[in-house]
Amino acid sequence: MAHLSLNSPLGPLTVFEDGGAIVAVEWGRAPDGRVTPLLADARDQLDAYFDGRRRAFDLPLRPAGSPFQRAVWDAIAAVPYGDTASYGDLARRLGSSPRAVGGACGRNPIAVVIPCHRIVGSGGRLTGYSGGDGLTTKDALLRLEGHGPALPLAEIAS
């Protein structure tokens, strides 16, 4: 599978392409892979996002998951840059439970691009993030998008 690793301010990311669509963005670095025009475009869009020059991604996505997971990921993708929604909000929209939404969120294979970092607990609490350094990464992504400190300063790694 074609893939490309890149550096981000929050650590390395690797983007995977299969059949002309992005199928995964994972935290970490993979051995050198075959770079395609789509992967180069994804790298450029991610670089622009982390530089504050891009608010939305324009990439063909094909995350592998159950119909419910894909519905959750579609709902997550609809949350605008700089905004948040709660697990409960998404659960009500999907006729599900917050716990099921959280489970699907944790299985999101396309980190950052499908912005599960924008999904928060009730009252705006930061809960659960399976990528990078967990809640510290989630907080940093929300700050990048214009949110103030969401975690108490003692809980934020420098």
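Being over 17 Å from the mean Cα position of the chain (by Cα), closer than 25 Å to GLY134 by Cβ and touching a residue at least 12 places away in the same chain (Cβ under 8 Å) holds for only one residue in SER86, SER8, SER96, and it is SER96. Among the residues here, VAL25 qualifies as β-branched (Val, Ile, Thr) and closer than 21 Å to LEU142 by Cβ. Determine whether region 30-48 contains at least one residue that is at positive phi and either within 15 Å of the chain's Cα centre (by Cα) or at pLDDT below 95 (or both). So far as region 30-48 goes, no, none of its residues is at positive phi and either within 15 Å of the chain's Cα centre (by Cα) or at pLDDT below 95 (or both).
Here is a yes/no grid of residues against (1) within 17 Å of HIS117 (Cβ to Cβ); (2) touching a strand residue (DSSP E or B) at 6+ places or on another chain (Cβ under 6 Å):
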{"position": "HIS3", "(1), (2)": "no, yes"}
{"position": "LEU10", "(1), (2)": "yes, no"}
{"position": "PHE16", "(1), (2)": "no, yes"}
{"position": "VAL25", "(1), (2)": "yes, yes"}
{"position": "ASP44", "(1), (2)": "no, no"}
{"position": "PRO67", "(1), (2)": "no, no"}
{"position": "TRP73", "(1), (2)": "yes, no"}
{"position": "PRO80", "(1), (2)": "yes, no"}
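Looking across region 124-158, the residues that are among the hydroxyl-bearing types (Ser, Thr, Tyr) and either at pLDDT 80 or above or open to solvent by 60 Å² or more (accessible area, probe 1.4 Å) (or both) come down to THR127, SER130, THR136, THR137, SER158. Could you tell me which residue of region 73-86 is surrounded by the fewest Cβ atoms within 10 Å (Cβ to Cβ), considering only residues that are of a type outside the set (D, E, K, R) and under 16 Å from ALA104 (Cα atoms)? Among residues in region 73-86 that are of a type outside the set (D, E, K, R) and under 16 Å from ALA104 (Cα atoms), the one surrounded by the fewest Cβ atoms within 10 Å (Cβ to Cβ) is ALA78. The listed residues are THR36, THR14, and the only one of them that is free of Cβ contacts under 8 Å to residues at least 40 places away in the same chain and under 19 Å from LEU141 (Cβ atoms) turns out to be THR14.
The values are calculated or read from the model by the stated rules, or taken from the named source; none is laboratory data. Fair warning: this is a prediction, and the values are worked out from it, not measured in the lab. Don't worry about glycine lacking a Cβ; one is built from the backbone with ideal geometry, like all the others, and counts go over all protein chains shown. When the accessible area is computed, the model is the full protein with side chains, heavy atoms only, and any ligands, DNA or RNA have been set aside. Shrake-Rupley method; radii C 1.70, N 1.55, O 1.52, S 1.80 Å.
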